[in-house]
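Some notes on the structure that comes next.
The values are calculated or read from the model by the stated rules, or taken from the named source; none is laboratory data. All figures in this text were calculated on a predicted structure; none of them were measured in a lab. Cβ placement follows ideal geometry from the backbone for every residue including glycine, while neighbour counts extend to all protein chains displayed. Calculation scope for accessible area: heavy atoms of the full protein, side chains included, ligands and nucleic acids excluded. Shrake-Rupley method; radii C 1.70, N 1.55, O 1.52, S 1.80 Å.
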Amino acid sequence: MSQDNLLVVDSVTKRFGGLVAVNKVDIQLKKGEILGLIGPNGSGKTTLFNVISGLYSPDGGNITFKGENIGGLKPHKIARKGIGRTFQVVRPFGDMSVMDNIMVSGLFTAYKGKEKSKIEEHCHELLKVTNLEHRVDAEADSLSLAEKRRLEIARALALDPNLLLLDETMAGLTHTEVDEALKLLTRVKREYDLTIIVVEHIMRAIMSISERIVVLNEGRKIAEGTPKEVSENEEVLKAYIGRKAI
Ligand SMILES: Nc1ncnc2c1ncn2[C@@H]1O[C@H](COP(=O)(O)OP(=O)(O)O)[C@@H](O)[C@H]1O
Ligand SMILES: [Mg+2]
C-alpha cells in the first residue's frame, strides 16, 4: 500500500444469500481526492458504502483506512476513525430542529475532549456553510428536499470526518440546486480538508466534480479512469445500454 492512500478497499465482497452485491472490488483513494463511483441501479454502490461505513461486515477482502484495518468494525467506531456518510434516502430526526439534528452528530465528537460550546460553534458554522442558517429552528420534516440533503451533509460534517461518502445527495434536485450542491462540495472539501467518494446518477455533476471515476456493474468493478476515459469505455457504455438512464 502506498503511504499516501487514505483508504484501500482490497478485494471486498458482500453477499446477500446467493446474490453477490459487491464482488472483489478494489479501490485506492489518495488523501484529498474526489472519486466518483457510478454504475447502473443495483450495481452495488450503496452496499459498498454500507460495508466501508460498517453497517455490513464484508464477506471477503480488507478495508484499510489511515493504514489500519477497519473491515467489520461497528459503524460508530468507523465514524470515530473519521469516515462520515450520507444516506441515499434522507432520514433526519424529523421532529427535531435542524440545529438539534446537527448537534446530535456534533456531540458524537465530544470523545475528542472538545467542549460543548466548541461543538456548538462548529455546528453553527456548518449551518452557515450549508446555507441552512435561516432554518435553524425549523423541524427537519418541514425542509424542502434540497434542504434535507444539505442537512444530511451538515450532519456528516459535524462528525469531523476525513473521508466523506456521499450517496446520491443530488438526486431529485433542480438544475440550479445541483449547481449549488457542486459549489458546496467544492467548498467543504477545501475548508475541511476532505477526501470524498461521490455516488451520483447525474452525469454532468459526477463528470465535473470527480478527478477519477470507478464504475461498478453487477457488483464488479468494470472500469476506472478519468471522467473522459470512463465515458468512452466500451464496457461502461454496454453496461448502461438498455437500462434506466445514468
Ligand atoms: N440489505 C439487503 N438485502 C438483500 N439484498 C440487498 C440488500 N441491500 C442491497 N441488496 C441488493 O444488492 C444489490 C446492490 O444494491 P445496491 O448496493 O443498493 O445498488 P446501487 O446502490 O448501486 O443501486 C441489489 O441487487 C440489491 O437488491
Ligand atoms: Mg444506491
* Gly18 fails exactly one of the following numbered conditions: (1) free of Cβ contacts under 8 Å to residues at least 24 places away in the same chain; (2) within 16 Å of ligand 2 (Cβ to nearest atom). What is the number of that condition? -> (2)
* To do: Take region 236-246 and flag every residue that is modelled with pLDDT of 75 or more and either open to solvent by less than 90 Å² (accessible area, probe 1.4 Å) or touching a Leu at 6+ places or on another chain (Cβ under 9 Å) (or both).
  => Val236, Leu237, Ala239, Tyr240
* Given the structure, is Glu211 in contact (Cβ under 8 Å) with a residue 60 or more places away in the chain, more than 22 Å from Phe49 (Cβ to Cβ) and acidic (Asp, Glu)? -> no
* Odd one out for Ile119, checked against (1) touching a Ser or Thr at 6+ places or on another chain (Cβ under 9 Å); (2) in a loop (DSSP other than H, G, I, E, B) -> (2)
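So that you can scan it fast, the table gives a plain yes or no per residue for (1) within 17 Å of the chain's Cα centre (by Cα); (2) buried (at least 16 other Cβ atoms within 10 Å of the Cβ); (3) within 16 Å of ligand 1 (Cβ to nearest atom):
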residue: Asp10; (1), (2), (3): no, yes, no
residue: Thr13; (1), (2), (3): no, yes, yes
residue: Leu19; (1), (2), (3): no, no, yes
residue: Gly39; (1), (2), (3): yes, yes, yes
* Asked: Out of region 21-62, which residues are over 19 Å from Thr86 (Cα atoms) and either without any contact (Cβ under 8 Å) to a residue 24 or more places away in the chain or in a strand (DSSP E or B) (or both)?
  -> Ala21, Val22, Asn23, Lys24, Val25, Asp26, Ile27, Gln28, Lys30, Gly60, Gly61, Asn62
* Specify the residue that is least open to solvent (accessible area, probe 1.4 Å); the eligible residues are those in region 67-84 that are over 29 Å from Lys128 (Cβ atoms) and out of contact with any Pro (no Cβ under 9 Å at 6 or more places or on another chain). => Ile70
* Output the number of residues of region 47-62 satisfying the condition of being within 16 Å of the chain's Cα centre (by Cα) and away from ligand 2 (no atom under 16 Å from the Cβ). => 1
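Got a number for residues in region 130-161 being in contact with a strand residue (DSSP E or B) (Cβ under 6 Å, 6 or more places away or on another chain) and open to solvent by 40 Å² or more (accessible area, probe 1.4 Å)?
Going through region 130-161 one residue at a time, the tally reaches 1.
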* Matching entry among Phe93, Phe87 (being open to solvent by 30 Å² or more (accessible area, probe 1.4 Å) and without any contact (Cβ under 8 Å) to a residue 60 or more places away in the chain) -> Phe93
